[in-house]
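The values are calculated or read from the model by the stated rules, or taken from the named source; none is laboratory data. Just so you know, these numbers come straight off a predicted model, no measurement behind them. A quick note on method: Cβ atoms are made from the backbone with ideal geometry, for glycine too, and the neighbour counts reach across all protein chains shown.
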């Protein structure tokens, strides 16, 4: 049975996941206090169209829907129906993400965060800004702040939604038998910008996620509501062709012009932006347990992943939805937290792996005709047997009823079957005559 | 060419590795300051025969030899020529570690540490006790102590030899792109004690490492100079038969008596010792890079491993020897540190894996007649082809000229070959008639 009394829950972090979780909990009638390290972003100048955008897909929309926010969020979103690949000659190839009507959404991270915070406050959530947490007292379920002050020790539970570099997790890490890993990839990223045209139009196809796949690295671009695109270059930190190797403005210009000629010609001040902005790093964080006593980690604090499946925030939103579902039957925090981590850990490990794998797909495979044919055959299988063969991308992105861990394991079986199919003689020309039923029966 | 001026080097940690390293550096003519978190162990009561013992083998002896200490250390060591397995009925089986004359040594950790510290001081090393390091300032190559004080910022280099929970590594961990993992095994350990007999004799065979292999867990015993044995029970923390499941004195007594009858009958107060001592955990720590600017990690701080190959301290001693070798040609700390980590990381990753594998061998396989036969066949191969087939245990323990990473990869190839050999019909009776040359040729 559910908690019969109003609980006082402290959330560390007022980012996307912390804010969404606070709404879920407030809607259940609990008292929720959110402690955020930064200032209130609603009171600061934002950077207009330059704000970083995110891909919002079904699992995330389902959670937003449950708290009554999906309609408002969708209004500001730009549908992206597939990948638009740009080769070195500027030639375009479009690959749909799914069936007609299936798409992901480009949204602004900061706008989404503001909508969530406003909604949370309207439901009675208390936000405390500029509160840097130094550590957690797991016995008293209390925070120690960097100012030296302790929080009132009356919280019934603490939930750390304080991101990839979580302070709550920092306290867990020095408890005994806490498994932990942080692993960086060899690539970092820099953001660049394609402005709207002089007539305020999009300079590239609006409803697509643009990719310039270049095998060992890539550039991508997502549309913004002001008709600009935010571009992100994922590129090695070190090596013969890397952030480290491009030293002068001339190096940068030659590289960008030669590698992404169509994008480069549209960009706003790319050389000085490239030169002045430091490359950001990309980390996968895993840990276990996620809980001690009445404290729990959630979202990136428990499982930060690389961004290549567009599922980082989404996995955190799904955490909130699943956690809320478990709350229906819970009346004991440590038991609830323990059930949540057991249920959820296999899925977040799976999406961590899928996100790493998808970097190779995006930067390398999508430029390969054999790979695009494979996707076409899988789309055909899905069309013929919509329930029996669901492509991996579709399972992850559009099917919120399939767990990430199931998607990973089904996807691996599909890959083996398709590896064989692609060995068929003259597959390029005969693929429409394959025995599709025999293929789907192998799964 | 070597550093032409005297350098001032700070070492964090005055344990086994920090003390040995300080001797190496002082003998080269450098000024060395060691900062140790604990009090001076030489001024505290020690616990007599109860001190924890360690297995000292060739790679460690080679390093001690280079600083002129191996003779002194060997005097206090007890040779162990092989494993003595005890089954549930108390029946003994002896398995030699290597050839005649090859043995490992049981030594006291605290005695070894005292010998190292005394030698270091005699070479001019300055020890500073009760100095808890809070963090490292990598720009200034300086410590910040927990007292808030900063060290004089004149060190030419800092070396963190401060163990598995290294404070120096803690500072590295919050720098960008630092890969880190800490992974605990499901087993913990408690120490028990078999005293000398009434006539001050050893109550078990003196010159052996005793093992009570029980498949999913084990008890081991190492001899001490006072004719006692230090016993260590490696046992799951949780589960149907675990530290958690043995709740009452009666549970403990029934378990110990039923599982290790011969050991139990000789032990000193096992039930109350078992009950009163908390179970200690066992962790593998990996990280990279090991260095930033003029600061380096070494020993457990860079690569803590589980104890089942008896190579934790040894790997740290080998670090010191290899580091000292690189110093012969070095005149730049960051370059030297970078060369050291590149050279050494594959080897410490290898011994981490070997140590985990050896737990399964010790607790389970050594109780299996098929496994002992396999070892006998390998010993025969080694006898016939001493340079072409060196058993894995011998490579790791007795051959300091074979890198851990080589031992791991050769060992894997040997295992595959031996898996096939063990499939031979009637192998128990016909093994001496195998075509040994054909086997060794497969490697």
Of the residues in segment B:310-337 that are assigned to a helix (DSSP H, G or I) and farther than 30 Å from residue B:107 by Cα, the one that is nearest to the chain's Cα centre (by Cα) is B:337
Residue A:210 passes all but one of the listed conditions (1) surrounded by fewer than 16 Cβ atoms within 10 Å (Cβ to Cβ); (2) part of a strand (DSSP E or B); (3) away from every other protein chain (no Cβ under 14 Å); the exception is number (1)
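Return yes or no: is residue A:107 surrounded by 19 or more Cβ atoms within 10 Å (Cβ to Cβ), touching a strand residue (DSSP E or B) at 6+ places or on another chain (Cβ under 8 Å) and in a helix (DSSP H, G or I)? Spell out the reasoning first.
Values: surrounded by 19 or more Cβ atoms within 10 Å (Cβ to Cβ): yes; touching a strand residue (DSSP E or B) at 6+ places or on another chain (Cβ under 8 Å): yes; in a helix (DSSP H, G or I): no.
No: the conditions fail for residue A:107.
Could we say that residue A:307 is away from every other protein chain (no Cβ under 14 Å), surrounded by fewer than 23 Cβ atoms within 10 Å (Cβ to Cβ) and closer than 21 Å to residue A:107 by Cβ here?
It is true that residue A:307 is away from every other protein chain (no Cβ under 14 Å), surrounded by fewer than 23 Cβ atoms within 10 Å (Cβ to Cβ) and closer than 21 Å to residue A:107 by Cβ.
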Among residues of segment B:269-288 being away from chain A (no Cβ under 14 Å) and surrounded by 14 or more Cβ atoms within 10 Å (Cβ to Cβ), the residue farthest from residue B:341 (Cα to Cα) is B:271
Practice prompt. Return a yes/no flag: does segment B:416-425 have any residue that is within 30 Å of residue B:342 (Cα to Cα) and within 26 Å of the chain's Cα centre (by Cα).
Written response: no
Among B:192, B:204, the single one that is part of a loop (DSSP other than H, G, I, E, B), within 30 Å of residue B:242 (Cα to Cα), more than 14 Å from chain A (Cβ to nearest Cβ) and in contact (Cβ under 8 Å) with a residue 60 or more places away in the chain is B:204
For residue B:154, the lone unmet condition from (1) assigned to a loop (DSSP other than H, G, I, E, B); (2) within 14 Å of chain A (Cβ to nearest Cβ); (3) under 30 Å from residue B:287 (Cα atoms) is (2)
Q. Condition test on residue A:4, is it within 30 Å of residue A:336 (Cα to Cα), in a helix (DSSP H, G or I) and out of contact with any helix residue (DSSP H, G or I) (no Cβ under 8 Å at 6 or more places or on another chain)?
A. no
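Could we say that residue A:420 is modelled with pLDDT under 95, surrounded by fewer than 17 Cβ atoms within 10 Å (Cβ to Cβ) and over 18 Å from residue A:99 (Cα atoms) here? Working first, answer last.
Numbers: modelled with pLDDT under 95: no; surrounded by fewer than 17 Cβ atoms within 10 Å (Cβ to Cβ): yes; over 18 Å from residue A:99 (Cα atoms): yes.
Judged against the criteria, residue A:420 is not a match.
Here is a yes/no grid of residues against (1) farther than 22 Å from residue B:297 by Cβ; (2) without any contact (Cβ under 8 Å) to a residue 24 or more places away in the chain:
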| residue | (1), (2) |
| --- | --- |
| B:20 | no, no |
| B:26 | no, no |
| B:30 | no, no |
| B:75 | yes, yes |
| B:86 | yes, no |
| B:94 | yes, no |
| B:102 | yes, no |
| B:113 | no, no |
Exactly one of B:245, B:342, B:265, B:272 is out of contact with any helix residue (DSSP H, G or I) (no Cβ under 7 Å at 6 or more places or on another chain) and in the same structural domain as residue B:160 (by TED's automatic domain parsing), and that one is B:342
Over segment B:167-188, the set of residues closer than 18 Å to residue B:306 by Cβ and facing another protein chain (nearest Cβ under 7 Å) is B:180, B:181, B:182, B:183, B:184
Assigned to a loop (DSSP other than H, G, I, E, B), at pLDDT 95 or above and touching a helix residue (DSSP H, G or I) at 6+ places or on another chain (Cβ under 7 Å): is that true of residue A:14 in this structure?
yes
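Tally up the residues in segment A:29-66 that are assigned to a helix (DSSP H, G or I) and either assigned by TED's automatic domain parsing to the domain that holds residue A:223 or at pLDDT 95 or above (or both), please. Give the derivation first.
Taking segment A:29-66 as the starting set, the residues that turn out to be assigned to a helix (DSSP H, G or I) are A:41-43, A:48-50, A:58-66.
Cutting the leftovers down to either assigned by TED's automatic domain parsing to the domain that holds residue A:223 or at pLDDT 95 or above (or both) gives us A:58-66.
So the answer is 9.
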